[in-house]
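Some notes on the structure that comes next.
Throughout, read-outs are computed from the coordinates displayed, never taken from laboratory work. From a predicted model like this one, the values you see are computed outputs, not experimental measurements. No Cβ is skipped: glycine too gets one built from the backbone with ideal geometry, and neighbour counts run over all protein chains shown.
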Amino acid sequence: MRYLPLTHKSRSDMLDAIGVSCVDDLFQDIPQEAFVDGLCDLPPHKNELEVERLISAYAEQNNPASAQPFFLGAGTYFHHIPATVDHIIQRSEFLTAYTPYQPEIAQGTLQALYEYQTMIAQLTGQDVANASLYDGSTACTEAALMAMRVTKRAEIIIATPLHPHYRSVLETYLGNIEGADCCEGSPSDKTAAVIIQSPDFYGTPHTYDDLRAECDAVGALLIVVINEIVSLGLLPAPTCADIVCGEAQSIGIPMSYGGPHLGFFACKTKYLRQMPGRLCGETVDEEGKRSFVLTLSTREQHIRREKATSNICTNQGLCALAFTIHMALLGEDGFKNLAKINHERACALAEAIEEIEGVKILNDTFFNEFVIQLPLKSLTKIQKNKNITAGYPLEESLLITATEMTTDKDIQALCDVLKFERF
Amino acid sequence: MPETRALYQSEPLLWEKEQADHSGTDWHTPSDFKNRTGQTERGIIGLPQVTEPEVIRHFVRLSSWNYSIDNGIFPLGSCTMKHNPRLNEKMARLEGFAHLHPLQPQESVQGALGLMYDLQNWLAELTGLSGVCLTPAAGAHGELAGIMTIRRAHDLNGQSQRKIILVPDSAHGTNPATAVLCGYQTRTIATKDTGIICLKAFEEALTQTTEDGSDIAGMMVTNPNTCGLFETNIMPIVDLLHKAGGYFYCDGANFNALVGKIRPADFGVDVMHLNLHKTFSTPHGGGGPGSGPICVTEHLAPYLPRPLVVKDKETYRLEEEDERDSSLGRLKAFQGQFGMHVRTLAYMLSHGQDGLKQVSEDAVLSANYILSQLKDDYHVPFEGFCMHECLLTDQKQKDKGVSTMDIAKTIVEYGMHPMTVYFPLVVQGAMLIEPTETESKENIDRFIRVMKDIATDTQSGDTAQFHTFPLSAPRRRLDEVKAAREPNLRWRA
């Protein structure tokens, strides 16, 4: 019971001060049938070494990306994280602080959030960004819901292949709203927003001008969804969009079997008051010193209750901090170079694969992932290979990804398997 | 006077620091770079460029302006700011967890799936609710998952005429916001006179528009509630609700009062979310990430979000996309905040059945101790023992010109974090104090001393000082009106 500081004497003194004889007297308002009879059917407490052994035993049964040539992306990416990032986010003052509701003693968290918001706005070419959302899929859904509030319309058009899980999440939320729907097709006067994922789920980057014009013609909003935020170091910013949102796990956050990740959300100033999530803003204190504070909370559930722009309460604070630290380390040049290295690695992978007879790359263009077509027999065999994670299987094709983690040796290993599989 | 003094170091924004001509990482442009993106290269982004030593100093200086649970008591009511064991951090960072991709072949992640499966079982045992879904990313997301589960059950059982969710006025704001996001209307039950739901008020709300409550989808109640009280009428209330065909959603924000000692299923709960970042001590991280699994009765389990972790003989797997038609669908891209699941299981293994029960007992004991020591100095709106948090108001101080806000800022000046202020909304000038089980008596006594001193100084008329605090914090009181009226949400050159 190493986490419990009360001593036997303290407990007994406190009971005396309250004026009861035992702790159960304090639970007297609770119906008797709700009490556990004795103890729950669970093991008793364990010391640190015992717990470490038990938890490590689970970890040892897994085959992590760091232990093998790894070509799986599809919305979550295996990138390098500088040692500085994890060191700083484990500082007590960041790790064990609460939401900065007392700003005088939370300026560290607040200034870092303001810096995060600035970075996201710069990267996406948008005016403002919020302090983060749960993940890319919920950010995408919140963008659709915001567009529905702004336009008072209920149809969402999916213009390019959207991550299938993002689409599922969107459909789940929309299923609870009367008349709401998402589909492919052309925008009409019923359309709240058009969603473009870029690079799309199959890795192809898109331009936005044509769809921007189509949206303007019918009064719909343009939402750009980005799965791989590193792509913004090489591809042009989606400045013409109304909302840009997606997943920022690639910068500073481990894949961690799907979470916690980092949903980002940016938009034009004119939609500010319809935004979901927390916002950090600059102000001054009584002495006129620059200070930061959570603001515009009249949009939020704790003030507006059933009329709030979203039911969201938390953000992904520590993940946003990790992102901010990693981006600060990268800087303008480092971030762009990282993007170029990702693209160069994908090009090297593509060139090696293009040499293999019977295997074809289906993308004309890509950033750091693309789809290869290969015989079904090869696909099945490569999936069974336990020494390499080849990518995300599609029907008779494979979505494969390269990042700065991908070595020439990894590429060789994959090609050897692909070549071998032909015979 | 220079801005930087002794251990207080001022620090500008990253963009305002000296900009380096090289990156804090040594990534170089690849030689003979070819562009196969089909697009022109990105122009200037505007990111700051700072070297590694300066990045570290920047963030370490910022960190020194934060108060945290590792600095001292953090008695925020309904937030459960307890000690965050570092073992849990170490465990979540093991390579075999941190570098797992959510779409990896399932035979390569049997340990991760096994851990999630075992966590599901622990939560089922603690709540008495056998259906567990770990997906939700935070408490509010768990509420959404829970209310969607209820709606899915009604819709598939020909009960779509049920459109109303009953919510007491003491509820967290997320409750009504969630109900609306699920396509429901809310109906408020007034509790401001009693602090708890009266049977009569409940019955009136239940039958306000129909005789038999057949338009009621369910009820969302935090229990213990946000006044720190157990809902003593919960059994007859839930009985009536169930007879009318509605479900009982319990907001699990306050589970720290019950864990290991009281099973929510046994006071009639059908659905409940658990805040792993509260009761199970995953760090709050300055506002997230949270994690909000939901637990439901066997009857509601078929409607839970997908994917659940299932066990076939000795193999674990995630459900397939088309496997359980009755599921409400997917709520997050992948299978939840897995890193938080690891921390939670490590925390629960450390405490065990005996430690978890001691957690709730110590949490309730500590809150009642504070209540007993302060009840003569501050107005206590609702009589009796409290659960893991106690509610006071500024009624006795207000007419001397000292408000809850002044009290909070004075606590800041005295080197502690204040309690939750102005919540719940059902009392004026609320102060909700939750010490948690991880404060020693010495720490609690120090907090009580500060509160007593404030009360004494107020009664003696020495109140002018309270409006000026904090004086010694990194900032004085902030102009929050300016922040909202002239939004400045990003740096610009």
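Dipole of the protein assembly as shown, Cα-centred, from +1 at each Lys and Arg C-beta and -1 at each Asp and Glu C-beta, to the nearest 20 debye? All intermediate terms of the calculation are to be shown ahead of the outcome.
On the way: 80 positive and 116 negative charges, 158 e Å.
Here the size comes out at about 760 debye.
Given R0 = 30 Å, the distance between the Cβ atoms of B:E18 and B:L471 translates into a calculated FRET efficiency of 0.40. Enter the Cα centre distance for the pair segment B:1-75 and segment A:258-285, rounded to the nearest angstrom. Here the answer is 20 Å between Cα centres. Placing +1 on each Lys and Arg Cβ and -1 on each Asp and Glu Cβ, with no other charges, gives segment B:87-348 a dipole about its Cα centre of roughly 560 debye.
A straight chain from A:T207 to A:D25 at 0.36 nm per residue would run longer than the Cα-Cα distance by 58.7 nm.
For segment A:173-298, report the convex hull volume of the alpha-carbon atoms normalised per residue, in Å³, without decimals.
Details: hull volume 23.0 nm³, N = 126.
Residue-normalised Cα hull volume stands at 182 Å³.
Taking a straight line from the alpha carbon of A:K340, these lysines sit under 16 Å away, with near neighbours fewer than eight places off in the same chain left out: B:K34.
A Förster radius of 56 Å combined with the Cβ-Cβ distance from A:E286 to A:E395 puts the calculated FRET efficiency at roughly 0.30. When you restrict to C-alpha pairs under 8 Å that are six or more residues apart and normalise by the size of chain B, the relative contact order lands at 19 percent. Label point 7 Å out from A:D416 along Cα-to-Cβ: which residues of segment A:60-93 have amide N under 17 Å? Only A:67-71 pass the distance filter.
Look at the stretch B:104-116: the mean tally of other chain Cβ atoms within 10 Å of its residues' Cβ atoms is 6. Listed by chain and number, the lysines placed with their C-alpha closer than 23 angstrom to that of A:K270 are A:K152, A:K190, A:K307, B:K482; residues fewer than eight positions away on the same chain are left out.
Quick check on the protein assembly as shown: what are the equivalent-ellipsoid semi-axes from the Cα gyration tensor, as sqrt(5λ), descending, whole Å? Don't skip to the end; give the middle numbers.
Details: eigenvalues 383, 201, 149 Å².
Semi-axes (√(5λ), whole Å): 44, 32, 27.
Projecting the Cα atoms of A:H206, A:Q107, A:A147 onto the charge dipole of segment A:101-207 (Cβ charges, centred on the Cα centre) puts A:A147 farthest toward the positive pole.
In whole angstrom, how long is each semi-axis of the equivalent ellipsoid of segment B:363-480, when you take the square root of 5 times every eigenvalue of its Cα gyration tensor and sort them from largest down? Mind showing how you got there, number by number?
Values: eigenvalues 95, 54, 38 Å².
Value: 22, 16, 14 Å, ordered largest first.
Counting only DSSP beta bridges with both residues in the protein assembly as shown, the antiparallel share comes to about 60 percent.
Take each residue in B:118-128, count the other chain C-beta atoms within 10 Å of its C-beta, and the mean is 2. Distance between the 7 Å Cα→Cβ label points at A:S92 and A:A352: 4.7 nm. What lysines does B:K375 reach when the alpha-carbon gap must be under 29 Å and sequence neighbours fewer than 8 apart in one chain are set aside? Within reach: A:K9, B:K82, B:K192, B:K261, B:K278, B:K357, B:K396, B:K398, B:K400, B:K409, B:K441, B:K452. DSSP beta bridges confined to chain B are antiparallel in about 55 percent of cases.
Packing order of peptides B:240-248, A:284-292, highest average first: B:240-248, A:284-292 (average count of other Cβ atoms within 10 Å over each peptide's residues).
Projection of the Cα convex hull of segment B:213-310, averaged over all directions and equal to a quarter of that hull's surface, yields 7.8 nm². Projecting label points 7 angstrom from Cα along Cα→Cβ for A:Q32 and B:D169 puts them 3.6 nm apart. Ranked by how many other Cβ atoms sit within 10 Å of their own Cβ, fewest first, the residues A:F78, B:F385, A:F71 fall in the order B:F385, A:F78, A:F71. With a Förster radius of 41 Å applied to the C-beta separation of B:E480 and B:E211, the computed FRET efficiency comes to 0.30. Here segment A:35-89 and segment B:238-316 have alpha carbon centers that stand 22 Å from each other.
Just order A:41-48, A:173-180, B:49-56, B:276-283 by mean Cβ neighbour count inside 10 Å, highest at the front, would you? Walk me through the numbers before you get to the answer.
Working: A:41-48: 14.2, A:173-180: 16.5, B:49-56: 19.4, B:276-283: 28.6.
Packing proxy ranking, top to bottom: B:276-283, B:49-56, A:173-180, A:41-48.
Shape verdict for chain A, please, from the Cα gyration tensor: rounded (a/c under 1.5), prolate (a/b greater than b/c) or oblate. Don't skip to the end; give the middle numbers.
Numbers: a/c = 1.82, a/b = 1.30, b/c = 1.40.
In terms of gyration-tensor shape, oblate.
Taking the Cα centre of segment B:349-453 as origin and charging only Cβ (+1 Lys, Arg; -1 Asp, Glu), how large is the dipole, in debye to the nearest 20? Write down the numbers at each step before the final one.
Details: 10 positive and 17 negative charges, 57 e Å.
Taking the Cα centre of segment B:349-453 as origin, the dipole is about 280 debye.
Partner shielding of B:301-314 amounts to 0, given as the average count of beta-carbon atoms from other chains within 10 Å of each residue beta-carbon. Each part reduced to its alpha carbon centroid, segment B:370-396 and segment B:329-360 end up 32 Å apart.
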